[in-house]
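Chemist: Got a structure for you, questions after.
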Amino acid sequence: MIGDVDDLSGCVREIAGTLMRGGHLIYSDFHPSWAFNGWRRTFRTDDGETLAIPYTPHSIEEHLDAIASAGLKVVAVREPRLNGDDADPAVKAFRRKWGNPPVVAIFHAVKRR
């Protein structure tokens, strides 16, 4: 849901305020590659209508700055890519069009002791 938040730094500060020293914060966001590729968050209703849900893209640097400004220390950042059956025609088509970009960014930080 971090992509629903415009003020990333303020949000991470609020969350960090609830952590005890040594507490861990782990969260994910759509990878910045979504904005770069022009992808949207879409959902299909029961009657087949496609709805786009707005989100605020945040760069990796914005996440790292927000974490640091909240007094947290980054433990790990992961940028996983799609795993899928390469024999699946949909996976093949996706990779032909887009390559295999990261789809999410996962951040793990700890509150300094």
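Chemist: Examine segment 32-43 for a residue that is farther than 17 Å from residue 16 by Cα, hydroxyl-bearing (Ser, Thr, Tyr), in a strand (DSSP E or B) and modelled with pLDDT under 95, and state whether such a residue exists.
Modeler: First, the residues of segment 32-43 that are farther than 17 Å from residue 16 by Cα: 32-43.
Keeping just the survivors that are hydroxyl-bearing (Ser, Thr, Tyr) gives 33, 42.
When the remaining residues are screened for being in a strand (DSSP E or B), the result is 42.
Going one step further and asking which of them are modelled with pLDDT under 95, we end up with 42.
Yes, because at least one residue in segment 32-43 is farther than 17 Å from residue 16 by Cα, hydroxyl-bearing (Ser, Thr, Tyr), in a strand (DSSP E or B) and modelled with pLDDT under 95.
Chemist: Still on this structure: Test residue 107 against the stated conditions and say whether it is out of contact with any strand residue (DSSP E or B) (no Cβ under 8 Å at 6 or more places or on another chain) and open to solvent by less than 70 Å² (accessible area, probe 1.4 Å). Give the derivation first.
Modeler: Working: out of contact with any strand residue (DSSP E or B) (no Cβ under 8 Å at 6 or more places or on another chain): no; open to solvent by less than 70 Å² (accessible area, probe 1.4 Å): yes.
No; evaluated as a whole, the condition is false for this residue.
Chemist: Restricted to segment 7-21, and to residues that are open to solvent by 100 Å² or more (accessible area, probe 1.4 Å) and in contact (Cβ under 8 Å) with a residue 24 or more places away in the chain, which residue is nearest to residue 68 (Cα to Cα)? So that I can check it myself, show each step before the final result.
Modeler: Filtering segment 7-21 down to residues open to solvent by 100 Å² or more (accessible area, probe 1.4 Å) leaves 13-14, 18, 20-21.
Still in the list and also in contact (Cβ under 8 Å) with a residue 24 or more places away in the chain: 13, 20-21.
Numbers: 13: 9, 20: 16, 21: 15 Å.
Among those that are open to solvent by 100 Å² or more (accessible area, probe 1.4 Å) and in contact (Cβ under 8 Å) with a residue 24 or more places away in the chain, it is 13.
To keep it simple, each residue is scored yes or no on (1) in contact with a strand residue (DSSP E or B) (Cβ under 6 Å, 6 or more places away or on another chain); (2) basic (Lys, Arg); (3) under 20 Å from residue 20 (Cα atoms).
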| position | (1), (2), (3) |
| --- | --- |
| 57 | no, no, no |
| 87 | no, no, no |
| 102 | yes, no, no |
| 111 | yes, yes, yes |
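Chemist: Further question on the same structure: Please determine, by comparing only the residues of segment 53-96 that are at pLDDT below 90 and part of a helix (DSSP H, G or I), which one is farthest from residue 15 (Cα to Cα).
Modeler: The initial filter retains those residues of segment 53-96 that are at pLDDT below 90, namely 53-55, 81-96.
Subsequent filtering for residues that are part of a helix (DSSP H, G or I) retains 89-96.
Values: 89: 42, 90: 38, 91: 37, 92: 40, 93: 39, 94: 36, 95: 36, 96: 39 Å.
Per the criteria, the residue is 89.
Chemist: Please tell me if residue 109 is more than 14 Å from residue 25 (Cβ to Cβ) and either polar (S, T, N, Q) or in a strand (DSSP E or B) (or both). Walk me through how you get there before you give the answer.
Modeler: Values: more than 14 Å from residue 25 (Cβ to Cβ): no; either polar (S, T, N, Q) or in a strand (DSSP E or B) (or both): yes.
Against the criterion (more than 14 Å from residue 25 (Cβ to Cβ) and either polar (S, T, N, Q) or in a strand (DSSP E or B) (or both)), residue 109 does not qualify.
Chemist: When segment 75-104 is examined, which residues are found to be open to solvent by less than 40 Å² (accessible area, probe 1.4 Å) and out of contact with any helix residue (DSSP H, G or I) (no Cβ under 9 Å at 6 or more places or on another chain)?
Modeler: 76, 91, 99
The values are calculated or read from the model by the stated rules, or taken from the named source; none is laboratory data. Worth saying up front: this structure is predicted, and the values here are computed from it rather than measured. Backbone-built Cβ (ideal geometry, glycine too); neighbour counts: all protein chains shown. When the accessible area is computed, the model is the full protein with side chains, heavy atoms only, and any ligands, DNA or RNA have been set aside. Shrake-Rupley method; radii C 1.70, N 1.55, O 1.52, S 1.80 Å.
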